[in-house]
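Working notes, beginning with the structure itself.
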């Protein structure tokens, strides 16, 4: 009887589509096994009227699935497929990221309401309402485009796109991750791809991370066949950077990373105050061949940002969160 490997996923269409990518990659390498997708709704899926940072942050996407990962009952799973940007940089002690797959387009994308002719941020009129629940996106855009207004939008991609087209909601446009739109065949809705200096993307954005139990050598041996080394090095550096900065909070950190064929990794990073008035920016380039070297690069870049004033910005953000709680 063929062995069945169970992959855990959130219930959204995007999460399932991403899990199917991993399952198909594993099936190609291991045709002798069956790969089954198990879905579960998380607290992050259920709370749709508040930004994530206000009620718990990234662990809201992971903890319910992690319960299945440690279960020994019939509902147990062997791995969890995540959007890497949603995975906390400090996992519970019993888990680890077993693989990071080849990264899709990591940039953010502008999606303008279909009855409007604007094609870029620079064309939007003053007072335009931009839908996003991301502090990182809002802060960067406030710095570059102080004439815009911002309104929280939650829900899966289909829900957000529907809200955009609803005149009563009042959105001019949305900012969404390009990778999610492309994976759900909504690439035709992208009005503009955003990059530096307008928008640096989230740590791990566009990459799929697979979480497993530490010590699970069999599952790790499967994932070793589908992991992408350059993406792993880049995302290890990005996550090390965030881990060095966040201290338990959700950090409005933007990055833009590139790794050359000969292993030179360049990361540009910024921390921007929520009101957009302050920013710390830094850039680091280094030859990287191991995950340990990538970890060190991330820490060094964090120190550069702190020397540019990132610590003061983050302290103010944390104070504001505490005063609102």
Open item on the list: When you scan segment 201-210, do you find a residue that is surrounded by fewer than 21 Cβ atoms within 10 Å (Cβ to Cβ) and touching a residue at least 40 places away in the same chain (Cβ under 8 Å), even just one?
Closed with: no
Task: Within segment 241-269, considering residues that are within 15 Å of the chain's Cα centre (by Cα) and more than 19 Å from residue 309 (Cα to Cα), the one surrounded by the fewest Cβ atoms within 10 Å (Cβ to Cβ) - done: 256
TODO: Confirm whether residue 163 is surrounded by 15 or more Cβ atoms within 10 Å (Cβ to Cβ) and in the same structural domain as residue 72 (by TED's automatic domain parsing).
DONE: no
TODO: Find the residue count for segment 283-319, including only residues that are touching a strand residue (DSSP E or B) at 6+ places or on another chain (Cβ under 6 Å) and within 23 Å of residue 144 (Cβ to Cβ).
DONE: 9
Open item on the list: Which of the numbered conditions does residue 195 fail, given that it passes all the others? Conditions: (1) farther than 22 Å from residue 281 by Cα; (2) surrounded by fewer than 19 Cβ atoms within 10 Å (Cβ to Cβ); (3) in contact (Cβ under 8 Å) with a residue 12 or more places away in the chain.
Closed with: (1)
TODO: Go through segment 135-148 and count every residue that is in a loop (DSSP other than H, G, I, E, B) and within 16 Å of residue 195 (Cα to Cα).
DONE: 1
Task: Listing of helices (runs of 4 or more DSSP H) fully contained in segment 203-316 that carry 3 or more residues being over 26 Å from residue 177 (Cβ atoms) - done: 217-223, 291-307
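Okay, residues lined up against (1) in contact with a strand residue (DSSP E or B) (Cβ under 9 Å, 6 or more places away or on another chain); (2) not in a helix (DSSP H, G or I):
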residue	(1), (2)
150	yes, yes
155	no, yes
158	no, no
163	yes, no
174	yes, yes
180	yes, no
188	no, no
Open item on the list: Being crowded, with 19+ Cβ neighbours inside 10 Å and either more than 15 Å from residue 242 (Cα to Cα) or touching a helix residue (DSSP H, G or I) at 6+ places or on another chain (Cβ under 8 Å) (or both) narrows it down to one residue among 298, 309; which is it?
Closed with: 298
TODO: Output the number of residues of segment 1-21 satisfying the condition of being assigned to a helix (DSSP H, G or I) and touching a strand residue (DSSP E or B) at 6+ places or on another chain (Cβ under 6 Å).
DONE: 4
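The values are calculated or read from the model by the stated rules, or taken from the named source; none is laboratory data. Owing to the predicted nature of the structure, the values given are computational and were not obtained by experimental measurement. Neighbour counts are summed over all protein chains in view; Cβ atoms, including those assigned to glycine, are modelled from backbone coordinates with ideal geometry.
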